[in-house]
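In what follows, a single structure is set out as structure tokens and then discussed.
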Amino acid sequence: MTVDTSDLTPGKVKPPARRLYGRQRGHPLRPRQQRLMDETLPRLRLSEHAASDPLSAFAHRPEQLWLEVGFGGGEHVLAQIEAHPEVGYIASEVFENGLCSLLSRLVPEDEEATAPVPPLLRIWDEDARLLLEKLPEASLDRMFLMFPDPWPKARHAKRRFVHPGNLPLVARALKPGAQWRVASDDPTYQAWVTEVMTDQPFFVAGEPSMERPEGWPGTRYEAKALKAGRQPFYWTFIRKPN
């Protein structure tokens, strides 16, 4: 599919907005969801204070630190922490339905306050950009942005996480040689990512893969895209040396 990017040129867009767009809450929470938010989330939440020394926030000091921005239903988080139990994993999501979806898979019903939680998982339930500002420089070994909201209208380009104004923030937090994995099934966002990442000084940006690479767990958004006949793109951007 050919996408017109004439209105999406990064140099023409406004700086990234300093507010969070979208809904943080959909329908009223059910009792189980409310208990997850009140009893389970505080046990896993990464505090602002701990963000300045994130490795100390876990039950024991992890070998690496990974961050997922906007984890949606949490399938990717769960698969990664199961496959990499030695990694400290920060899962970032602001929307309550997504938070509840992940939390409900971590603890049984009626054990929201007592069931064990993964020792090397922490949740950031604020804007991920605030976390990136607080993390120490070159502290992340890997970062994920899996099927983000595409904000498809050109006037909404400032709301996209992949944005020229956000790249310095992401690059600051990633170690040299660290991976930033990005996936999208939206043609407008795919064209936008290509445009933004082609001419920037922070990352080695190769061509996207048309098939999910080995070690990339699937998500419900990917499955929905494939069922609808949309072609996901999978990028691996490598942080350049400073």
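The number of residues in the range 187-219 being among the hydrophobic types (A, V, I, L, M, F, W, C), open to solvent by less than 30 Å² (accessible area, probe 1.4 Å) and under 24 Å from Trp66 (Cβ atoms) comes to 5.
If the condition is being out of contact with any strand residue (DSSP E or B) (no Cβ under 8 Å at 6 or more places or on another chain) and over 26 Å from Asn97 (Cβ atoms), then the range 24-60 contributes His49, Ser52, Asp53, Ser56, Ala59, His60. Within the range 77-91, not a single residue is open to solvent by less than 70 Å² (accessible area, probe 1.4 Å), more than 22 Å from Thr236 (Cα to Cα) and either aromatic (Phe, Trp, Tyr) or touching a residue at least 60 places away in the same chain (Cβ under 8 Å) (or both). Inside the range 113-130, residues that are small (Gly, Ala, Ser) and more than 10 Å from Arg43 (Cα to Cα) make up a count of 2. So which strands (runs of 3 or more DSSP E) are wholly in the range 116-186 and hold at least 1 residues that are more than 22 Å from Phe95 (Cβ to Cβ) and either at pLDDT 95 or above or open to solvent by less than 10 Å² (accessible area, probe 1.4 Å) (or both)? So the answer is 140-146, 174-184.
Checking each residue in the range 94-115 for being open to solvent by 10 Å² or more (accessible area, probe 1.4 Å), at pLDDT 95 or above and not basic (Lys, Arg) picks out Ser101, Ser104, Leu106, Pro108, Glu109, Asp110, Glu111, Ala113, Thr114. Screening Gly70 with (1) under 15 Å from the mean Cα position of the chain (by Cα); (2) open to solvent by less than 10 Å² (accessible area, probe 1.4 Å) gives one miss only, at (2).
Of all residue pairs spaced 6 or more apart or on separate chains, those with beta-carbon atoms under 9 Å, a first member in the range 189-202 that is closer than 20 Å to Arg230 by Cβ and a second member that is among the basic types (Lys, Arg) are Tyr189/Arg160; Trp192/Arg160; Val193/Arg160.
Can you find a residue that is basic (Lys, Arg), within 21 Å of Gly73 (Cα to Cα) and surrounded by fewer than 12 Cβ atoms within 10 Å (Cβ to Cβ) anywhere in the range 226-241?
Of the residues in the range 226-241, the ones basic (Lys, Arg) are 227, 230, 239-240.
Okay, now just the ones that are also within 21 Å of Gly73 (Cα to Cα), so 227, 230.
Then keep just the ones that are surrounded by fewer than 12 Cβ atoms within 10 Å (Cβ to Cβ); that gives 227.
Yes; the residues of the range 226-241 include at least one that is basic (Lys, Arg), within 21 Å of Gly73 (Cα to Cα) and surrounded by fewer than 12 Cβ atoms within 10 Å (Cβ to Cβ).
Residues of the range 55-92 that are in contact with a Gly (Cβ under 6 Å, 6 or more places away or on another chain) and not aliphatic (A, V, I, L, M): Phe58, Pro62, Gly72.
So, Arg61, is that one open to solvent by 10 Å² or more (accessible area, probe 1.4 Å), touching a helix residue (DSSP H, G or I) at 6+ places or on another chain (Cβ under 9 Å) and modelled with pLDDT of 95 or more or not? Judged against the criteria, Arg61 is a match.
The values are calculated or read from the model by the stated rules, or taken from the named source; none is laboratory data. Remember, predicted model here, so these are calculated numbers, not experimental data. As a convention, Cβ positions derive from the backbone with ideal geometry for all residues, glycine included, and neighbour counts pool all protein chains shown. Just the protein is used for accessible areas: all its heavy atoms, side chains included, with ligands, DNA and RNA removed. Shrake-Rupley method; radii C 1.70, N 1.55, O 1.52, S 1.80 Å.
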